[in-house]
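Down below is the structure, laid out as structure tokens.
The values are calculated or read from the model by the stated rules, or taken from the named source; none is laboratory data. In this text the structure is predicted, and so the values were computed from the model without any measurement. Every residue, glycine among them, receives a Cβ derived from its backbone with ideal geometry; neighbour counts consider all protein chains shown.
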Amino acid sequence: MKNTETKYNSEAISETKLICKDYLVSNENFEIREYENGILKTFPVPENLSKYYESEDYISHSDSKENLQEKVYHLVKSYMLSKKAKWIKKYINKGHILDYGAGTGEFLNKMNTLGWNVEGIEPSTSARNLGISKGLKIHSELLELENDSYDVISLWHVLEHIPDFETKLSKFKDLLDDNGFLIIAVPNYNSYDAKYYKEHWAAWDVPRHLWHFSRMGISKKLSEHGFKLMSEKPLKFDSYYVSLLSEKNKNRGSNLLNAFYRGLSSNMKAKHSGEYSSIAYFFKKEAET
């Protein structure tokens, strides 16, 4: 399988330390510090992280479609489910997939309809129960897994939430079949929208996002854990959604026109630089030597 040559923009955000506010729940301030080259970390890490997810506005843990924002979110999400399935099919047609951070199970449900054997991990009780109500096998933690081998493990905007993400990467490698794939989607702090909105950039999402990655940073880290980068897939809708939330953070109001313009600008600039607002990385497990 041919590896896609990837070029990285070595220019980081203008500051390696930012003060960012939790706009969703607490209004508390948190620092963004450099952890290592290409990876930033949120400080301090709250002892009770779960309370920072307790918000009706945390859409990824809900199937609600009551307001315009929720309706647009789920419409785009439905489109992206098909897109994600097509991306995976380019590497593996069918098999056993584990979705870590499965939420309410929409992605697993999609893969199930395509003939995949599906399982998920979701720590949120309410989100997990919604997924289980759809007939899906969703566990609360990795220890509950009965199967010890998967063709694909996916984390769609999840890795940045995991306190011990390096320990989890080692576990994912053990769980994958030889030549299995690990798919990781995360925000990119080298994107245009991140640089434009600075501390107001919604994808900092402190303190829920404990980690922040550049393209170089995540590729290097996964290489250290025995994975080879096969391709990058831009999540182009993310720039618009993140810009809309960032406008609210910055101006205390929704400026739809400016959000659309900034989202479009981010995608247009990324056509040349590769620095999209969010990127799905497809890693292949390397054979043991």
Pick out the one residue from Leu245, Leu229, Leu182 that is under 22 Å from Lys89 (Cα atoms), surrounded by fewer than 23 Cβ atoms within 10 Å (Cβ to Cβ) and touching a residue at least 40 places away in the same chain (Cβ under 8 Å).
Leu229
Based on what the data block shows, is Ser214 under 28 Å from Ser266 (Cβ atoms), hydroxyl-bearing (Ser, Thr, Tyr) and in contact (Cβ under 8 Å) with a residue 12 or more places away in the chain?
yes
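Conditions tested, residue by residue: (1) within 16 Å of the chain's Cα centre (by Cα); (2) of a type in the set (Phe, Trp, Tyr); (3) modelled with pLDDT under 95; (4) closer than 28 Å to Tyr79 by Cα.
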{"position": "Ala102", "(1), (2), (3), (4)": "yes, no, no, yes"}
{"position": "Asn109", "(1), (2), (3), (4)": "no, no, no, yes"}
{"position": "Ile121", "(1), (2), (3), (4)": "yes, no, no, yes"}
{"position": "Leu142", "(1), (2), (3), (4)": "no, no, yes, no"}
{"position": "Tyr150", "(1), (2), (3), (4)": "no, yes, no, yes"}
{"position": "His157", "(1), (2), (3), (4)": "yes, no, no, yes"}
{"position": "Glu166", "(1), (2), (3), (4)": "yes, no, no, no"}
{"position": "Lys173", "(1), (2), (3), (4)": "no, no, no, no"}
Those residues of the range 271-288 which are over 21 Å from Lys236 (Cβ atoms) and not in a strand (DSSP E or B) amount to Glu286, Ala287, Glu288
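Conditions (1) among the acidic types (Asp, Glu); (2) touching a His at 6+ places or on another chain (Cβ under 9 Å), marked per residue:
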position	(1), (2)
Ile132	no, no
Glu166	yes, yes
Leu175	no, no
Pro187	no, yes
Glu199	yes, no
Arg208	no, yes
His212	no, no
Ile218	no, no
Leu229	no, no
So which of Glu66, Glu56 is among the acidic types (Asp, Glu), in a loop (DSSP other than H, G, I, E, B) and modelled with pLDDT of 70 or more?
Glu56
When every residue in the range 6-34 that is modelled with pLDDT under 50 and among the polar types (S, T, N, Q) is compared, the one farthest from the chain's Cα centre (by Cα) is Ser14
Scan Asn188, Asn267, Asn249, Asn179 and give me the residue that is of a type in the set (S, T, N, Q), at positive phi and either in contact with a strand residue (DSSP E or B) (Cβ under 8 Å, 6 or more places away or on another chain) or modelled with pLDDT of 95 or more (or both).
Asn179
Can you tell me which residue within the range 80-115, out of those that are β-branched (Val, Ile, Thr) and surrounded by 14 or more Cβ atoms within 10 Å (Cβ to Cβ), is farthest from Ile153 (Cα to Cα)?
Thr104
Any residue in the range 87-101 that's in contact (Cβ under 8 Å) with a residue 40 or more places away in the chain and closer than 15 Å to Phe282 by Cβ: show its pairings with residues that are in a loop (DSSP other than H, G, I, E, B) and of a type in the set (S, T, N, Q) at Cβ separation under 7 Å, as long as the two are six or more apart or on different chains.
none
Considering only the range 94-102, I want to know if a residue exists there that is part of a strand (DSSP E or B) and farther than 21 Å from Glu232 by Cα.
yes
